[in-house]
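> To start, I am sharing the structure in question, which I have written as structure tokens.
The values are calculated or read from the model by the stated rules, or taken from the named source; none is laboratory data. Just so it is clear, the structure is predicted and the values come from calculations on it, not from any experiment. All Cβ positions, glycine included, derive from the backbone under ideal geometry; neighbour counts span all protein chains shown.
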Amino acid sequence: MSRLARSNRDWHQLLEVCALCETLIGDLDGVYDPRDYNDRLVLGLKGTMSEAELHVLKQRLLAGQQAKARRGELRLRVPMGYVRRPSGEVIKDPDEQAQAVIALIFEQFARHGTLGGVLRSVVRQGIQLPCRVAAGLNKGDLVWRRPNQSTLKNLLHHPMYAGAYVYGRRPTEARRKHPGRPATGRRVATPTEWQVLLKDHYPAYITWAQFERNQRQLEANCNAVQGAIRRGPSLLAGLVRCGHCGLRMAAAYSNNGTGLRYMCHQEKNVYGGPRCQSLVGGPLDKLVGALVLQALEPAALEISLQVAADVEAERRQVHQQWTYRLERAQYAVERAARPYHAVEPENRLVARTLERQWEEALAEAERLQADYARFLAVQPTTLSSAERDAIRRLASDIPALWRAQGTPDAERQAIIRQLVDHVVVTVQGESEQVTVHVHWLGGHRTEATLLRPVARLEQLSYYPQLLARVAALYAQGADRPTIAQTLNREGWRPAKRTTTFSALMVGRLLARQGLRYVPPVQAADLAREAHEWTLQELEQILGIPEETLYAWLCQGRLTARQVTTASHPRWLIWADAGELDRLRTLRNTPRTWKRPAPRQTSMDEF
Ligand SMILES: [Zn+2]
């Protein structure tokens with residue numbers, strides 16, 4: 001009965017069924033009829049008692065386990081690189097190669113900073129992971145396994161390598177459990193949730209500080225934080241944040257991947273709000289790139305030395321690995337040879353098996369030797385002085401490396417990510433003024449101002465001053481080219497990507513203010529019909545730039561004819577009052593960037 005009544009829910013169900021089927025229930029103390037009220041009362045009580053008993057039993061066991069864990073005496077499974085002695089003491093794996101491999105993985109992580117980087121480098125060097133067989137006939141034997149991502153991930157997250165005893169890393173959550181499968185329902189607890197943490201409990205491969213650093217790095221590698229290196233020419237994809245709303249700005253490419261813009265449209269995409277801000281990417285990338293190069297200059301020499309030392313250390317380690325493997329293979333050969341020599345030659349059955357094993361060991365050793373020779377051939381053990389100089393030159397010349405045509409964008413992104421945590425961008429209203437805060441890794445902050453190209457002159461923060469200056473120069477009697485030259489000399493900047501004013505732009509600025517300007521056009525001697533205008537005249541009348549009118553002309557939006565004059569052919573555009581109105585409306589209609597639909601090619605064109 002105590003076995004059946006582990007859960008009162010099941011127990012009462014059973015009683016109900018037994019009552020319906022008129023079944024009697026018996027135990028050591030007697031026989032009960034579930035239909036009888038008194039018997040039923042006793043049965044219910046017995047069920048409650050046995051459930052309570054089970055609970056007390058469980059609690060005592062658990063309390064004992066937890067008390068043991070608090071003292072650090074509860075035996076936890078040891079990860080690779082450690083073994084537990086029969087006495088219960090945990091030591092580093094006595095196998096030197098196993099120890100070296102574990103240490104190598106942590107060093108590789110310090111160098112590459114990503115799990116993928118460690119995995120690739122370990123695979124490239126042909127390094128395998130040392131595992132101790134947990135159960136079975138060969139329990140405790142060292143086997144070498146192919147490295148994989150999840151094993152390396154567990155290894156980097158495991159606090160035992162920093163010498164810490166931790167209990168409660170994977171607590172069970174009742175909701176996640178699958179019935180009948182006791183190992184399910186585990187989740188990963190954060191370090192603050194660990195029930196027991198005893199530092200310096202085991203022999204350590206890394207320091208606790210390094211362990212914490214590794215955890216931070218692994219966390220930062222996740223997309224949600226800084227993000228991985230993106231494809232595409234943007235240097236700052238994933239690093240730019242909006243100064244207005246604090247959300248991350250997306251890098252968007254237009255014009256077949258050549259035009260880059262940073263846009264803050266999370267508010268719009270996620271909440272259906274208005275679009276926040278956006279700016280052309282080129283100038284921002286250039287600014288941050290220049291700041292990064294500036295930051296790198298004084299450190300150039302140290303970096304070069306560090307790189308040289310790193311490469312050499314890596315070479316040495318790989319070499320050490322090879323020595324271990326060769327030693328191991330030689331040992332296997334000798335061990336296989338010993339029983340073969342010891343066996344009596346007449347005992348052919350055994351001798352044959354032993355001989356085959358010896359031969360296999362010999363073949364394995366030979367294969368390793370050949371691999372080693374290949375390794376030596378492709379990778380010299382030490383860096384030659386020429387190599388060292390090349391590295392120094394490269395490191396001291398990062399600006400050249402940065403600007404080199406062959407440098408992929410991904411590498412520039414990688415350089416930036418070594419230094420910059422994120423960049424906060426704030427566009428001042430609609431204007432060309434952009435405030436940029438570069439937040440460097442380590443907490444330092446640099447502020448800079450950026451001038452972005454804007455679409456219209458009115459967006460410029462100095463538009464009123466510009467108009468006033470042009471009007472003043474005009475009042476002094478200067479002509480258009482002279483005004484343009486003066487503006488350029490005084491450092492005024494037009495709206496779009498050009499950096500200087502031209503006479504044409506000055507003419508437009510004058511026209512906006514209603515300052516009359518008579519273009520020096522020999523328009524009078526053109527033979528024209530009614531309602532025909534030259535492009536310059538239309539510009540004056542409608543206030544539409546001549547370039548726009550010409551573009552419309554090319555697109556076939558205007559009715560026009562070409563006449564030949566003494567100097568060059570000229571266009572005459574027909575426009576009566578209605579047509580002039582149409583053109584004004586056309587000008588005021590917002591532009592939409594519609595791509596022409598792909599044209600379908602019919603078969604008979606082939
Ligand atoms: Zn925003």
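> Suppose the filter is surrounded by 14 or more Cβ atoms within 10 Å (Cβ to Cβ) and either over 26 Å from the mean Cα position of the chain (by Cα) or closer than 24 Å to residue 331 by Cα (or both); does residue 143 pass it?
no
> Kindly indicate the residue of the stretch 274-293 that is touching a helix residue (DSSP H, G or I) at 6+ places or on another chain (Cβ under 6 Å) and not basic (Lys, Arg) and also nearest to the ligand (Cβ to nearest atom) among those meeting that condition.
Among them, the one singled out is 276.
> Failed condition for residue 101, given (1) out of contact with any strand residue (DSSP E or B) (no Cβ under 9 Å at 6 or more places or on another chain); (2) of a type in the set (Val, Ile, Thr); (3) closer than 30 Å to residue 146 by Cα, with all others met?
Only one criterion in (1) out of contact with any strand residue (DSSP E or B) (no Cβ under 9 Å at 6 or more places or on another chain); (2) of a type in the set (Val, Ile, Thr); (3) closer than 30 Å to residue 146 by Cα is unmet by residue 101, namely (1).
> Across the stretch 230-252, which residue is farthest from the chain's Cα centre (by Cα) among those that are under 21 Å from residue 289 (Cβ atoms), in contact (Cβ under 8 Å) with a residue 40 or more places away in the chain and within 11 Å of the ligand (Cβ to nearest atom)?
Here the answer is 243.
> Given 324, 331, 262, 271, which one is modelled with pLDDT of 85 or more, among the hydroxyl-bearing types (Ser, Thr, Tyr) and within 16 Å of the ligand (Cβ to nearest atom)?
262
> Restrict the check to the stretch 57-71 and report whether at least one residue is more than 30 Å from residue 157 (Cα to Cα) and of a type in the set (Gly, Ala, Ser).
no
> Could you give every pair whose Cβ atoms fall below 8 Å, whose first residue belongs to the stretch 253-269 and is assigned by TED's automatic domain parsing to the domain that holds residue 284 and within 16 Å of residue 236 (Cβ to Cβ), and whose second residue is among the charged types (D, E, K, R) and within 10 Å of the ligand (Cβ to nearest atom), counting only separations of at least 6 or pairs across chains?
Matching pairs, first to second residue: 263/275; 264/275.
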